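> Pasting a structure below so you can have a look.
The values are calculated or read from the model by the stated rules, or taken from the named source; none is laboratory data. Predicted model, so just to flag it, every value in this text is computed and none were measured. Virtual Cβ from ideal backbone geometry, glycine too; neighbours counted across all protein chains shown.
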Amino acid sequence: MNNDPQNVASPKTIEQVYRPITRRTFLKGAAASMVGVAGLMAALKPLLELESGSVTLDELLQRHYRELKPEDLQRILASLAARAEQEYGVRPNLRDVKPMAGVEFGYALNLSRCIGCRKCAHACLAENNQSRDDEDDIEMSYIRVLELNQGAINLETSTAYFDPETVPQPDKYYMPVQCQQCRESPCTKVCPVQATWQEADGIVVVDYNWCIGCRYCMAACPYDARRFNYKKPTLKPEQINPNQSYLSNRIRPKGVVEKCTFCLHRTREGKYPACLEVCPTGARVFGNLLDPNSEINYILNHKRVYILKEDVGTQPRFYYFFDK
Amino acid sequence: MRDYLTFLFRVWRLSWQGSVKYYAWMTALTVLVLVGLHAWARQFVDGLEVTGMTNQVSWGAYIANFTFLVGVAAAAVMLVIPAYVYRKEHMHAVVIFGELLAIAVIVMCLLFVMVDLGRPDRFHHMIPPFGVFNFPSSILSWDVIVLNGYLLLNLHIAGYLLYCRYRGRQPTRRFYIPFVFLSIAWAVSIHTVTAFLYVGLAGRSYWHHPLVPARFLASAFVAGPALMILAFQIIHRTTKYFIGAQPITTLRMIMTVAMIINMFLLFSELFTEFYSPTQHAAAAHYLYFGLHGHQGLVPWIWTAMGLDAIGLVLLITPAGRRMLWLNVACVTCFVGIWIEKGMGLIIPGFVPSPLGQIVEYLPTRNETLVCLGIWALGALMFTWMLRVAIPIMNGSLRANPELVTITKST
């Protein structure tokens with residue numbers, strides 16, 4: 001620091017710094033503090049509307065899913081189920097379903113067959129307890145069905161908000177897009193707290209009790225496959241699917257990211273994903289990539305397969321194929 | 001220890017002494033901070049629904065302001081380098097203000113990240129041993145480290161030098177010079193890492209572009225010095241602290257060079273995007289000309305371009321040597337870069353979405369109030385730090401006032 005002569009002011013004496021507190025200054029100070037405190041209270045007033053139990057000590061102290069002891073996990077499942085019943089009026093059968101040994105899931109979708117009916121997107125909602133404002137609100141569905149112009153696979157000119165009288169429209173074809181369960185998943189790489197990761201069977205999951213809601217994974221995803229709970233999910237009791245698991249379709253808290261889990265609470269118990277079961281044209285094929293005799297491997301070995309955005313290097317476990 | 005408590009007490013007393021203007025300014029800022037806090041409390045209760053963000057545009061004004069401000073904080077290095085590397089005596093009179101500004105701005109950056117979190121109550125998940133820190137894989141975890149590190153470095157350097165001066169001691173070089181040099185490299189790192197947050201995402205072609213970090217630094221070294229030139233004049237006029245023309249001349253030179261580089265990089269970017277437009281140019285097209293009838297950002301970016309151009313012309317012509325025109329250039333450059341590096345960089349990263357859908361974004365009233373509150377808090381912190389630092393710097397606040405004659409002669 002310099003000692004520029006122009007910058008040397010006369011120092012204040014001790015008396016100047018310690019000006020005695022008079023009755024007048026004290027009262028002024030007290031009045032100002034009162035106004036300040038009142039202002040602060042007024043500013044924080046919305047916090048009074050917080051629902052009781054929205055921030056609990058148990059949840060603050062909870063560890064990451066992969067560090068939980070089995071008994072802790074059971075306790076957490078019970079408390080989550082109780083809270084869901086209290087808040088949404090339906091007691092879920094909430095479990096933790098582990099990956100099966102020797103299984104890596106893959107999904108293939110036949111673009112020649114898809115007619116753009118969006119039944120898969122609706123079935124996804126019915127299965128996975130996403131928030132919705134009304135029956136037509138499929139914004140939180142994990143599947144976005146794109147309508148593309150014949151002649152190219154050009155996403156830039158596609159629309160997800162098509163609404164014709166009937167489908168398929170001439171000159172159009174349809175491409176449902178959901179999480180591609182990438183082998184080189186950008187979303188899990190960027191998460192600052194490892195709240196999202198690939199399971200042993202290749203499914204990318206989110207620990208909704210660990211996610212901090214920074215949404216970096218959404219920025220990283222090249223497939224627009226992740227959804228964020230901008231508000232507490234709105235669900236009517238009759239819309240709730242009570243068959244729930246911790247890492248997939250349990251009702252999410254506010255402020256966390258969610259995504260397609262290949263319906264792991266179904267598929268890890270030998271069933272098909274909800275979107276496959278509902279598909280009226282049989283465009284969807286699901287199975288074990290490690291089983292050489294599986295239908296999915298037959299498709300990959302015998303059909304013309306297209307990988308969405310292969311150039312970004314994500315190596316999806318989701319494939320598109322054509323009949324001829 | 002007792003001396004230090006006395007020091008804190010004096011600082012406390014000093015903070016409450018000031019002119020009517022000082023009180024009016026601080027009261028106005030406090031009101032804005034409280035308004036912002038109120039808006040944030042509303043957001044905490046209702047969720048990020050009260051912002052304009054969507055699944056498609058999942059980052060908005062908060063992250064835009066954060067990105068811009070990291071640059072302003074990093075620009076403090078443009079006072080440190082001339083002062084310590086080139087040993088320009090005149091910069092030593094002002095370098096402390098750059099460091100104090102960096103402290104205030106980094107706190108703003110951290111707040112902008114905090115208000116963007118969906119679950120601020122789980123912030124500790126990032127802090128080992130309570131959490132799981134995804135280091136080194138996640139660039140966001142790098143950013144947490146470099147930002148907090150930069151904050152600590154500047155707190156240490158500024159705090160140590162000011163306290164030494166208050167005690168009338170000569171600072172011990174080895175207690176601060178190594179940190180000063182570390183802070184130079186660190187300043188570059190905070191902005192580089194922040195740029196890598198975006199550049200690292202292969203799925204967003206608008207960001208996945210090696211020029212982005214270079215442009216980040218160039219534009220930061222315009223916006224930061226611009227703010228400091230304005231701040232120095234205010235300090236010079238409103239306090240008993242003399243700041244000569246020399247530091248401002250040095251900063252003007254830095255700003256001019258940085259602005260020329262910034263505009264050159266911008267030109268290179270525009271050429272690449274538009275000479276052979278690929279599908280990847282859709283975001284740039286949306287930003288500059290609109291896409292499929294959606295033009296939300298077009299007026300903004302052209303305002304920014306206009307402000308940048310005015311600033312550049314004023315800086316490179318003799319007009320910039322006149323104080324008035326230099327001030328105009330500082331304001332236009334600061335605002336221009338705030339737009340192009342905030343909204344102009346973040347939003348087109350999401351529009352069109354990776355699946356080609358166009359969902360436009362506009363900040364809501366609540367979101368804007370939160371932003372305003374954080375800006376007001378930054379101004380409040382910086383004013384307060386100056387209120388305390390300047391009497392220490394010019395010698396009117398001393399541990400032992402009676403010894404001042406001795407200090408002066410040494």
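> Of these, A:I251, A:I212, which one is within 12 Å of chain B (Cβ to nearest Cβ), surrounded by 23 or more Cβ atoms within 10 Å (Cβ to Cβ) and either at pLDDT 95 or above or part of a strand (DSSP E or B) (or both)?
Result: A:I212 is the single residue among A:I251, A:I212 that is within 12 Å of chain B (Cβ to nearest Cβ), surrounded by 23 or more Cβ atoms within 10 Å (Cβ to Cβ) and either at pLDDT 95 or above or part of a strand (DSSP E or B) (or both).
> Please list, ordered by first then second residue, the pairs with beta carbon atoms under 6 Å, 6 or more apart or interchain, first in the range A:185-203 and in a loop (DSSP other than H, G, I, E, B), second modelled with pLDDT of 95 or more and among the acidic types (D, E).
A:A195/A:D207; A:D201/A:E104; A:G202/A:E104
> Determine whether B:L140 is closer than 24 Å to B:L227 by Cα, in contact with a helix residue (DSSP H, G or I) (Cβ under 7 Å, 6 or more places away or on another chain) and buried (at least 18 other Cβ atoms within 10 Å of the Cβ).
no
> Pairs only if they're at least six apart or on different chains, beta carbon under 8 angstrom, first in the range A:216-237 and facing chain B (nearest Cβ under 7 Å), second in a helix (DSSP H, G or I) and among the basic types (K, R); list them, first residue then second.
A:A220/A:K189
> Here's a check for you: in the range B:216-234, which residue that is among the β-branched types (V, I, T) and in contact (Cβ under 8 Å) with a residue 24 or more places away in the chain is surrounded by the most Cβ atoms within 10 Å (Cβ to Cβ)?
Top of the filtered list is B:V222.
> Got at least one residue in the range B:363-373 being at pLDDT 95 or above, of a type in the set (G, A, S) and part of a helix (DSSP H, G or I)?
Taking every residue of the range B:363-373 in turn, at least one turns out to be at pLDDT 95 or above, of a type in the set (G, A, S) and part of a helix (DSSP H, G or I).
> B:G18 - would you say it is modelled with pLDDT under 95, surrounded by 13 or more Cβ atoms within 10 Å (Cβ to Cβ) and more than 10 Å from chain A (Cβ to nearest Cβ)?
It is true that B:G18 is modelled with pLDDT under 95, surrounded by 13 or more Cβ atoms within 10 Å (Cβ to Cβ) and more than 10 Å from chain A (Cβ to nearest Cβ).
> Looking at the range B:124-143 only, could you name the residues that are under 25 Å from B:G60 (Cβ atoms) and at pLDDT below 90?
Listed by number, the residues that qualify are B:M126, B:N134.
> Based on what the data block shows, is A:A38 more than 7 Å from every other protein chain (Cβ to nearest Cβ) and at pLDDT 80 or above?
Yes; evaluated as a whole, the condition is true for this residue.
> Does B:F267 count as farther than 17 Å from B:F68 by Cβ, among the aromatic types (F, W, Y) and surrounded by fewer than 17 Cβ atoms within 10 Å (Cβ to Cβ)?
Yes; evaluated as a whole, the condition is true for this residue.
> How do the helices (runs of 4 or more DSSP H) wholly within the range B:288-354 filter down when requiring 3 or more residues that are over 17 Å from B:G52 (Cβ atoms): which remain?
Correct list: B:298-316, B:323-341.
> Follow-up. If you check B:R165, B:R204, which single one turns out to be farther than 30 Å from A:E310 by Cα, of a type outside the set (A, V, I, L, M, F, W, C), buried (at least 23 other Cβ atoms within 10 Å of the Cβ) and facing chain A (nearest Cβ under 9 Å)?
Of B:R165, B:R204, the one residue that is farther than 30 Å from A:E310 by Cα, of a type outside the set (A, V, I, L, M, F, W, C), buried (at least 23 other Cβ atoms within 10 Å of the Cβ) and facing chain A (nearest Cβ under 9 Å) is B:R165.
> Do we find a residue being touching a residue at least 12 places away in the same chain (Cβ under 8 Å), under 20 Å from B:A61 (Cβ atoms) and crowded, with 22+ Cβ neighbours inside 10 Å anywhere in the range B:303-318?
yes
> If you scan the range A:225-251, which residues turn out to be closer than 17 Å to A:W197 by Cα and charged (D, E, K, R)?
If the condition is that a residue be closer than 17 Å to A:W197 by Cα and charged (D, E, K, R), then A:R226, A:R227 are the ones that fit.
> Looking at A:L73, A:L80, can you tell me which residue is more than 8 Å from chain B (Cβ to nearest Cβ), over 25 Å from B:D46 (Cα atoms) and modelled with pLDDT of 90 or more?
A:L73
> Specify which of the listed residues (A:F228, A:F286) is hydrophobic (A, V, I, L, M, F, W, C), within 30 Å of B:V50 (Cα to Cα) and crowded, with 21+ Cβ neighbours inside 10 Å.
A:F228
> Could you count how many residues in the range A:144-184 are surrounded by fewer than 17 Cβ atoms within 10 Å (Cβ to Cβ), more than 10 Å from chain B (Cβ to nearest Cβ) and assigned to a loop (DSSP other than H, G, I, E, B)?
15
> Just to be sure, is A:I296 crowded, with 17+ Cβ neighbours inside 10 Å, in contact with a strand residue (DSSP E or B) (Cβ under 8 Å, 6 or more places away or on another chain) and over 25 Å from A:Y208 (Cβ atoms)?
When the stated conditions are applied, A:I296 passes them.
> Among the numbered criteria (1) part of a helix (DSSP H, G or I); (2) touching a strand residue (DSSP E or B) at 6+ places or on another chain (Cβ under 8 Å), which single criterion is violated by B:G118?
(1)
> Mind checking which residues of the range B:118-161 are over 25 Å from the mean Cα position of the chain (by Cα) and hydroxyl-bearing (S, T, Y)?
The answer is B:S137, and nothing else.
> Does B:P129 qualify as being within 13 Å of chain A (Cβ to nearest Cβ) and in contact (Cβ under 8 Å) with a residue 12 or more places away in the chain?
Judged against the criteria, B:P129 is not a match.
> Next up: State whether one or more residues within the range B:332-348 are hydrophobic (A, V, I, L, M, F, W, C) and over 27 Å from B:Y62 (Cβ atoms).
No, the range B:332-348 contains no residue that is hydrophobic (A, V, I, L, M, F, W, C) and over 27 Å from B:Y62 (Cβ atoms).
> Can you find even one residue in the range B:176-183 that is within 30 Å of B:L312 (Cα to Cα), away from chain A (no Cβ under 14 Å) and in contact (Cβ under 8 Å) with a residue 24 or more places away in the chain?
There is at least one residue in the range B:176-183 that is within 30 Å of B:L312 (Cα to Cα), away from chain A (no Cβ under 14 Å) and in contact (Cβ under 8 Å) with a residue 24 or more places away in the chain.
> Sticking with this structure for a sec: Consider only pairs whose beta carbons are under 6 Å apart and that are at least six residues apart or on different chains; among these, list those whose first residue lies in the range B:354-373 and is on the phi > 0 side of the Ramachandran plot and whose second residue is crowded, with 21+ Cβ neighbours inside 10 Å.
Sorted first by the residue in the range B:354-373, then by its partner, the pairs are B:G356/A:L155; B:G356/A:S158.
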